[in-house]
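First the structure, in the form of structure tokens, and then the observations on it.
The values are calculated or read from the model by the stated rules, or taken from the named source; none is laboratory data. All figures in this text were calculated on a predicted structure; none of them were measured in a lab. We place every Cβ from the backbone using ideal geometry, glycine too, and count neighbours over all the protein chains shown. Ligands, DNA and RNA are stripped out before the accessible areas are found, and what is left, the full protein with its side chains, is counted by its heavy atoms. Shrake-Rupley method; radii C 1.70, N 1.55, O 1.52, S 1.80 Å.
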Protein chains: 2
Amino acid sequence: MSTATKTFEHVGTRPIRHDGLDKVTGRANYGADYALPGMLHGYVVRSPHAHARIVSIDTSAAEAMAGVKAVVTGSDIPKTNAKLVMGEAALDLGAMGDNALAHDKALYEGHAVAAVAATSPEIASAAAEAIRVVYEPLQPVMNVDQALAPDALILHDGMVTKGRPKPDAPTRTNVALRMELTRGDLDKGFAGADVVIERTFTTPMVHQGYIEPHACVARWGEDGQVVVWTSTQGHFVVRDCCAGILGIDAARIKVIPSEIGGGFGGKIPVYLEPVAIALARKAHRPVKLVMSREDVFRASGPTSGTKIRVKLGAKKDGSFVAASASLYYEAGAYAGSPAGAGAMCAIAAYDIPNFLVEAYDIVVNRPKVAAYRAPGAPAAAFAVESVVDEVARRLGKDPIELRLQNAVREGDQAAYGPEFGPIGLREVLEAARCHPHWKAPLVPQPGRKVGRGVACGFWFNAGLNSSATVSLSADGSANVVTGNPDIGGTRVAQALMVSEELGIPVERVRPIVADTDSIGYNDVTGGSRVCYATGMAVIEAARDAQAQLRARAAKIWDVPVEQVGWERGRAIALNGASGREPLTVSELAAKLMHTGGPIIGSATVNAPMAGPAFGAHICDLEVDEDTGVSRVVRYTVVQDVGKAVHPSYVEGQMQGGASQGIGWALNEEYVYDAEGHLQNPGFLDYRMPVASDLPMIDTVIIEVANPLHPYGVRGVGEVPIVPPLAAVANAMHDATRVRFTALPLSPPRVLAALKQRG
Amino acid sequence: MSTATKTFEHVGTRPIRHDGLDKVTGRANYGADYALPGMLHGYVVRSPHAHARIVSIDTSAAEAMAGVKAVVTGSDIPKTNAKLVMGEAALDLGAMGDNALAHDKALYEGHAVAAVAATSPEIASAAAEAIRVVYEPLQPVMNVDQALAPDALILHDGMVTKGRPKPDAPTRTNVALRMELTRGDLDKGFAGADVVIERTFTTPMVHQGYIEPHACVARWGEDGQVVVWTSTQGHFVVRDCCAGILGIDAARIKVIPSEIGGGFGGKIPVYLEPVAIALARKAHRPVKLVMSREDVFRASGPTSGTKIRVKLGAKKDGSFVAASASLYYEAGAYAGSPAGAGAMCAIAAYDIPNFLVEAYDIVVNRPKVAAYRAPGAPAAAFAVESVVDEVARRLGKDPIELRLQNAVREGDQAAYGPEFGPIGLREVLEAARCHPHWKAPLVPQPGRKVGRGVACGFWFNAGLNSSATVSLSADGSANVVTGNPDIGGTRVAQALMVSEELGIPVERVRPIVADTDSIGYNDVTGGSRVCYATGMAVIEAARDAQAQLRARAAKIWDVPVEQVGWERGRAIALNGASGREPLTVSELAAKLMHTGGPIIGSATVNAPMAGPAFGAHICDLEVDEDTGVSRVVRYTVVQDVGKAVHPSYVEGQMQGGASQGIGWALNEEYVYDAEGHLQNPGFLDYRMPVASDLPMIDTVIIEVANPLHPYGVRGVGEVPIVPPLAAVANAMHDATRVRFTALPLSPPRVLAALKQRG
């Protein structure tokens, strides 16, 4: 379904991505694929304690070992109060530096406390063993309840609750932030409700689970010039973070992005890079650092475990009248959970006259959380969409009808503030309602129960800053250069945009991800912003090139440029200049050097707003009530993407988000013991869904054009991870009549609940 | 001396070049420094005959060897008539392909006839030995006299003399081109002369002598995408040449330039690249090819050996009244000597009312010549400036005075066609005349003779096509991206231009040489065009960025952009907006993300004209008459460069050009035996001057601003190789009273001449 009126020639087709063959043949270079002459291998020493004061670190034995060229500790990372502003957010570089190498305390099991660089990985690891760290272990604070207990140990002395703390909040606290959204009169709202449902939900800390562990190589030149090769979602941010953390002029750091084997938000922060730079500076040689899978689980960006209370009131006719929600998010060791984003997304899909949503960002002795695909939203949606489901059942209403009845529409003020422009929630819900999946009978396999659930999800999508250049070659081909690592197929999407604007076949457009020295600033690949915001820069740069091409045609025809138009890759003569045969881009390109030289178009964008987007997922779940094992047997993702520039990769994003959400719903969780030791830091025990665990996920692309983007693009990557937690849990309820409020719906938990149900 | 009125803050300073430390510490990567996983090593089989028909090539034994993955011959390079247009010139891609791998005939000793790729260099070389080539040797044609002989063997059947062949020219010919420049009435001119000198000169074929041999790695992707890493003066031209030679779409080829260890024009053509691509395509693996020093001498671009007849007539008062010149240039195996450029430069320095200059491009069984620093001009200047010197002596005139008397000036029509704009020949000659060197007494060492010579030189300097982008970072630093390999310090020159326009310290400007996919088209680094033409693109791109910065300042001040000026790196408030404190580029940059996002400036130039430039050299030469050994004991280069952006590297170019010219004058030459076998393909026997052979070369920079360039730049790299051949020979005459008409002035030749003199 598409509301777009614009017709496209290239956009919307499905060519093979330019980086595809390199990636499937192993030719692409990832973070660990770089090597430099004389390069050393690093090894990071990590805390065995979840919470401990660092009394002393003796590196002398390690430093004395043959082949060891440098050892660094927290003392090599200056303490800083510097912040790095990214759109509305600000990265705390002090915390990021302390996370890279602890200064005073180890705040989670796996927290880096020292690192060594040596001539071989074996020597480096042996030297790491020889580093003597004396710890004073402290009681770990492992979850929000422990963190909020009156006698809780305080992770960071002097932490002050930012935002809008409650008046009676304690002064010594693990709460980094409290925020609040409110509208109307909550008491009056609930008083007018015929049905009120209130429940408290929990979701586990889960990891993004990217295939490629963090890896980088750093070179410190004797002239003070630093080069870093790394797998990242944003090399400009790596540059600026390393500069801020180490107190180096950012102008002296060049960051070259490798291909990236998954990120999902988890490759925005820096972990290894400042350490590798510090080691390289000491060793006078390049240093490579690569995380093991255990390191990735223990010390890189999971997303918050949460506890969320939701109360929703509705009238008999189904209209929502009041809602309240309290969201408690584990930040990990440093402030910065996505609690705020979770709160802003929680009831974004619904028009509710009275509400109060509050969110708490709470530090605990777990790894510092990083962004993970629609950060904060899936847990909030799990809670809210479970309660909406329950309201529908209580009122005997079709759950899609109930959502349609309360769905926000253009002109409504979003719960999180602004007024919605054209949005596609209703179109999405209507498409879900009409989908064969929603109408298909549920037929369980013998001995199994089967249920169907539905849920909605919302994400803002981000804008931010992007730069692009488009250069034309004399052979009529073109380059498009940006600075966003390609995670989800953005190279080919950008190439398609150039094709659309200039009429060049997409395989003759070369999309390039340039290093920090070779293109203007680009914010990270994240927030579903690249196809949207960087895409806008690409389109503008291509139009700049197109304007120059029209000027060349005017020169060839000897007419004013106003008499030259552009249509389907050709300069055409407008009134006054008619009778001239159109000139194709190839014809114009062949004449470039005789009409004024090469052509480069360039453009930058600063997109403070993006395209809010909604999805609805339908899940059929089959449960073996004897074992508690469940399996998704049919799954449909319906989503408004604004405009699908490359539908295959849009569908891939929708399927990927759903898959990750299903894993989160069914099996994934960080399992810690009471001392804060992670019990499952590997893919054997941390159970992510693999292809054989999932059915083919059906997708329905809805295109309600986003007026902020010339083609109507909204962004696609994040919305699809928002509904699955609730969709799966709602299907589980449909199958078992048990309302699960805690994830994951792993076999032991399901079995226990079924036993309790009887 | 400077006629420029503009004052500069950054341009004209002498910061360390950005690539300096990398290069002196060995960190920079040159052509042979690349390696890819699975890469094969190639070896080229070369003809032992200077002229031979290729009867058959049997590659079966080589192909059967373990470790051999591919063998290619001329049959893998399609024959083509394609041309690649470069400014006024056109590269003959058919000849370039036949030169890369011979199809039917071997045209010089060292001509590539086959190539092999194997898992090690040793296997590759053994396999090359196993390739059986059956030749039918032919009589080699080794110089212009042999080539023009009535019974000369014809190298290329069907060659037709292009240009303006003489009416009685034979139809079967080795003359590829004859061109002619004429003005006035030659007979009448000479009839009015009081002195007429006519002499015939020869210069040997010499090599550019770059330190780094040709080297490349090529990868042929199974998707047909080709990547080439290579040491080149122009990666865009490598791309387009390889595409044309192999019949591949240029849009599928990406060329990544390495650092370049010297080129001087000799790294413009492709030799190894098409062969490496053909091998990689057959082997399905990347292939590296590296020339040995012998290969470089035998099969890569020397410059023409020449035979030049010059006749000059002057009146008693010194004024030149008539000149004629016939220039015969060896092209090597394929058409394309710089005879035409030599003819255009020959008398460019002088205002002569009557002249006829003709030039012949003649094929011989020697390696195809390539460009070499001011191609064609040094030999022409050797002839003309020797005759001018003789006229001065005959008339008893000071040789600088005589030149000043006849020097061209602004408004004169150049002998080669256009009208001169502001030029610096008179300023150069006056500076030479005033220089202490010209007035210093000549004091020979005991047992030696000493003499002083002076000579002028001219070069057009080139414009052509360039692209540049300038991006600003939030930290107030900037990138400047172009596509010209940096041979002579152009990175720092470009960075200085950005500093000048934006007020950013040069060490915070990062100059990047981007690959063919990452920046718009750039013609080769050559013709002394980069600082001039690419520099113009850089200045324009910086001004584009500056205009955007002024718009940001206007936004911050809330005034119309017309009320914002720019001065010394700061936005200043103009009338109407006064009272506001200036905003520095750093202050503006820090606010970028809140005033509209990143900034990229971009620009392209198509500069059909450049800045004609002149130099005058003074040489003191000491000769040991017992041995014939001579030595330059003092040397001064005076040159109009328009504007020296980085005076140190401008001086370096002037010194480097003079050094190469001195080597050409004194010792360098290709020595062939009668069968066309090169006798001295190595630096032991091919005698180039090293530092200990030369005095410190003094330099005088003259700056007569070139009105075509915003800073007045003309270009510097080529002019300084033009005068030395004549300056040295004139000094030799001054010392010995022998007029040498043949170079080099090697000890045996000098000794023989002195014996003849008696």
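The figures follow:
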{"read-out": "Sole residue being at pLDDT below 95 and of a type in the set (Gly, Ala, Ser), chosen from B:Ser2, B:Ser56, B:Ser75", "value": "B:Ser2"}
{"read-out": "Residue check for A:Val237: open to solvent by less than 20 Å² (accessible area, probe 1.4 Å) and not in a strand (DSSP E or B)", "value": "yes"}
{"read-out": "Which listed residue, of B:Thr232, B:Thr200, is hydroxyl-bearing (Ser, Thr, Tyr) and either within 14 Å of chain A (Cβ to nearest Cβ) or open to solvent by 10 Å² or more (accessible area, probe 1.4 Å) (or both)", "value": "B:Thr200"}
{"read-out": "Among the residues listed as B:Lys311, B:Lys254, B:Lys315, the single one being open to solvent by 10 Å² or more (accessible area, probe 1.4 Å) and closer than 30 Å to B:Arg27 by Cα", "value": "B:Lys254"}
{"read-out": "Qualifying positions in the range A:476-493 - away from chain B (no Cβ under 12 Å), on the phi < 0 side of the Ramachandran plot and part of a loop (DSSP other than H, G, I, E, B)", "value": "A:Asn484, A:Pro485, A:Asp486, A:Ile487, A:Gly488"}
{"read-out": "Residue match in the range B:219-242 (condition: farther than 24 Å from B:Arg298 by Cβ, in contact with a strand residue (DSSP E or B) (Cβ under 7 Å, 6 or more places away or on another chain) and free of Cβ contacts under 8 Å to residues at least 40 places away in the same chain)", "value": "yes"}
{"read-out": "Restricting the range A:24-80 to residues that are within 14 Å of another protein chain (Cβ to nearest Cβ) and over 33 Å from the mean Cα position of the chain (by Cα), the residue that is farthest from A:Ala128 (Cα to Cα)", "value": "A:Pro37"}
{"read-out": "Residue that is farthest from A:Lys643 (Cα to Cα) [pool: residues in the range A:697-710 that are in a loop (DSSP other than H, G, I, E, B) and under 23 Å from the mean Cα position of the chain (by Cα)]", "value": "A:Ile697"}
{"read-out": "Hey, A:Thr173 open to solvent by 20 Å² or more (accessible area, probe 1.4 Å) and either over 30 Å from A:Asp351 (Cβ atoms) or in a strand (DSSP E or B) (or both) or not", "value": "no"}
{"read-out": "Failed item in (1) more than 30 Å from A:Ala66 (Cβ to Cβ); (2) open to solvent by 30 Å² or more (accessible area, probe 1.4 Å); (3) acidic (Asp, Glu), with A:Glu122 passing the rest", "value": "(1)"}
{"read-out": "Residue satisfying condition, being more than 14 Å from chain B (Cβ to nearest Cβ), in contact with a Pro (Cβ under 6 Å, 6 or more places away or on another chain) and surrounded by fewer than 19 Cβ atoms within 10 Å (Cβ to Cβ), within set A:Glu430, A:Glu419, A:Glu401, A:Glu410", "value": "A:Glu410"}
{"read-out": "Candidates B:Glu567, B:Glu562, filtered to the one that is touching a Pro at 6+ places or on another chain (Cβ under 8 Å), among the acidic types (Asp, Glu) and either more than 14 Å from chain A (Cβ to nearest Cβ) or surrounded by fewer than 24 Cβ atoms within 10 Å (Cβ to Cβ) (or both)", "value": "B:Glu567"}
{"read-out": "Residue match in the range B:241-255 (condition: assigned to a helix (DSSP H, G or I), of a type in the set (Lys, Arg) and either modelled with pLDDT of 95 or more or in contact with a Gly (Cβ under 6 Å, 6 or more places away or on another chain) (or both))", "value": "yes"}
{"read-out": "Residue list for the range B:143-166, restricted to those being β-branched (Val, Ile, Thr) and outside any loop (DSSP other than H, G, I, E, B)", "value": "B:Val144"}
{"read-out": "Matching entry among A:Val195, A:Val134, A:Val175 (being in contact with a Gly (Cβ under 9 Å, 6 or more places away or on another chain) and either basic (Lys, Arg) or not assigned by TED's automatic domain parsing to the domain that holds A:Phe355 (or both))", "value": "A:Val195"}
{"read-out": "Out of A:Gln146, A:Gln208, A:Gln139, sole residue that is touching a His at 6+ places or on another chain (Cβ under 8 Å), touching a residue at least 24 places away in the same chain (Cβ under 8 Å) and on the phi < 0 side of the Ramachandran plot", "value": "A:Gln139"}
{"read-out": "Qualifying position, being assigned to a loop (DSSP other than H, G, I, E, B), among the small types (Gly, Ala, Ser), away from chain A (no Cβ under 14 Å) and closer than 15 Å to B:Leu91 by Cα, among B:Ala335, B:Ala331", "value": "B:Ala335"}
{"read-out": "Residues satisfying the stated conditions in the range B:212-225, i.e. within 12 Å of chain A (Cβ to nearest Cβ) and not in a loop (DSSP other than H, G, I, E, B)", "value": "B:Arg219, B:Trp220"}
{"read-out": "Test: residue in the range B:275-285 that is surrounded by fewer than 19 Cβ atoms within 10 Å (Cβ to Cβ), out of contact with any Ser or Thr (no Cβ under 9 Å at 6 or more places or on another chain) and more than 14 Å from every other protein chain (Cβ to nearest Cβ)", "value": "yes"}
{"read-out": "Filter result for A:Gly261 (part of a loop (DSSP other than H, G, I, E, B), of a type outside the set (Asp, Glu) and either within 13 Å of chain B (Cβ to nearest Cβ) or within 22 Å of A:Ala339 (Cα to Cα) (or both))", "value": "no"}
{"read-out": "Some residue of the range B:516-523 being under 26 Å from B:Ala610 (Cα atoms), open to solvent by 10 Å² or more (accessible area, probe 1.4 Å), part of a loop (DSSP other than H, G, I, E, B) and away from chain A (no Cβ under 12 Å)", "value": "no"}
{"read-out": "Tabulated pairs, the range A:449-475, first within 9 Å of chain B (Cβ to nearest Cβ) and more than 24 Å from A:Leu502 (Cα to Cα), second in a loop (DSSP other than H, G, I, E, B) and basic (Lys, Arg), C-beta under 9 angstrom, 6+ apart or interchain", "value": "A:Leu464/A:Arg529"}
{"read-out": "Candidate set: the range A:244-256, residues that are farther than 18 Å from A:Val217 by Cβ and touching a strand residue (DSSP E or B) at 6+ places or on another chain (Cβ under 8 Å); chosen: the one farthest from the other protein chains (Cβ to nearest Cβ)", "value": "A:Gly244"}
{"read-out": "Residue in the range B:288-300 that is farther than 18 Å from B:Gly110 by Cα, of a type in the set (Val, Ile, Thr) and out of contact with any Asp or Glu (no Cβ under 6 Å at 6 or more places or on another chain) present", "value": "no"}
{"read-out": "Within the range A:585-662, strands (runs of 3 or more DSSP E) holding 2 or more residues that are within 14 Å of chain B (Cβ to nearest Cβ)", "value": "A:599-607"}
{"read-out": "Top-ranked residue of the range B:494-515 - restricted to ones that are among the β-branched types (Val, Ile, Thr) and more than 10 Å from chain A (Cβ to nearest Cβ), ranked as most open to solvent (accessible area, probe 1.4 Å)", "value": "B:Val506"}
{"read-out": "Single residue of B:Gly247, B:Gly189 found to be within 20 Å of A:Arg510 (Cβ to Cβ) and either in contact with a helix residue (DSSP H, G or I) (Cβ under 9 Å, 6 or more places away or on another chain) or small (Gly, Ala, Ser) (or both)", "value": "B:Gly247"}
